[in-house]
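S.K.: For reference, the structure I am asking about is given below.
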Amino acid sequence: MKTLRYLTVLLSIAVIMMLQACGDGDSDTAGALTISQPTLTDNKDGSFFVSVTVTYAPPAGKTAQGVEVTTIATDAFGNFQADTHTYTSGSNSVIYSFFVLQRVGTSTSLSIVSNIGDMRSAVSAVIPAITPMGAPAVQFKTTDAPGTVLTSAITGGVIPYSLVSVSTTDLSVTLIGTTLNVTNTTTGVNTANATITVSDAFGSLLSVPVGYFK
């Protein structure tokens, strides 16, 4: 009799362990969790949207309804964005879109991790760097008559650009799109130097040197 009870207990424990290993069909730790490769959208303003689709495949005969998935996006600097979604009847996928700022001269890595119970799926993305602003120096010659206009094309940064300042009243400067138009309003043989300062939409500053004569 004792032997029969002992065997019954062992059998019960074995059945419980098997059920735990297989997972209850209603449990959010059963099934499969996948996350798509990120889609990067350039907002053209120094930022990107990074989108992924997180899909939960429930066990056979079960639905995704009521199952919660938590997705966290973390960049290389420790900044993170988190969201929890509850799947509804008839839908087992959710699209996440994360807003990520670019950095000047340095790309930004982004890790995206989704969890349902003990299940985990992860992908990564790299946000390209903003190219630093640049523009050729402007150099007038002694033979350039007053009113001569020279140009300098600005590159990099985030458009639109803005003219911040001109360090002398000897020059007349306008900024049209990406082009600086510089006019020397004086004449002479004495060398002089000036600086034109331009900013971009991201707040970066660029100093363009100008050599002229007065």
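What follows draws every value from the coordinates through simple rules; no lab data is involved. No experiment lies behind these values; they were computed from the predicted model shown. Neighbour counts are summed over all protein chains in view; Cβ atoms, including those assigned to glycine, are modelled from backbone coordinates with ideal geometry.
S.K.: In vacuum, with every alpha carbon of the chain counted as one equal point scatterer, what does the Debye formula give for log10 I(q)/I(0) at q = 0.10, 0.15, 0.16 Å⁻¹? Two decimals, please.
M.R.: The Debye formula, applied to the Cα set alone, gives -0.66, -0.94, -1.00.
S.K.: Please turn the phi angles of the range 72-88 into ³J(HN,Hα) values with the Karplus equation 6.51 cos²θ - 1.76 cosθ + 1.60 (θ = phi - 60°), one per residue in order, whole Hz, x for glycine and proline.
M.R.: 10, 10, 10, 8, 5, 9, x, 6, 9, 10, 10, 8, 10, 10, 9, 5, 10
S.K.: Calculate, for T191 and S162, the FRET efficiency according to 1/(1 + (r/R0)^6) with r their C-beta to C-beta distance and R0 30 Å; round to the nearest 0.05.
M.R.: Once rounded, the FRET efficiency stands at 0.55.
S.K.: What are the ³J(HN,Hα) values, in whole Hz, obtained from phi via the Karplus relation 6.51 cos²θ - 1.76 cosθ + 1.60 with θ = phi - 60°, for each residue of the range 177-189 in sequence order, with x given for Gly and Pro?
M.R.: x, 10, 10, 8, 10, 10, 10, 8, 8, 10, 9, x, 10
S.K.: Taking R0 as 41 Å, what's the FRET efficiency between T179 and T106 from their Cβ-Cβ distance, rounded to 0.05?
M.R.: After rounding to 0.05, the efficiency reads 0.90.
S.K.: Here is a follow-up. So if I place +1 on the C-beta of Lys and Arg and -1 on the C-beta of Asp and Glu, and nothing else carries charge, what would the dipole magnitude of the chain be about its Cα centre? I want it in debye, nearest 20.
M.R.: 300 debye
S.K.: Something else now. Under a 5 Å amide H to amide H cut-off, with H placed in plane at 1.01 Å, what residues pair with V67 once short-range neighbours are removed?
M.R.: Y87
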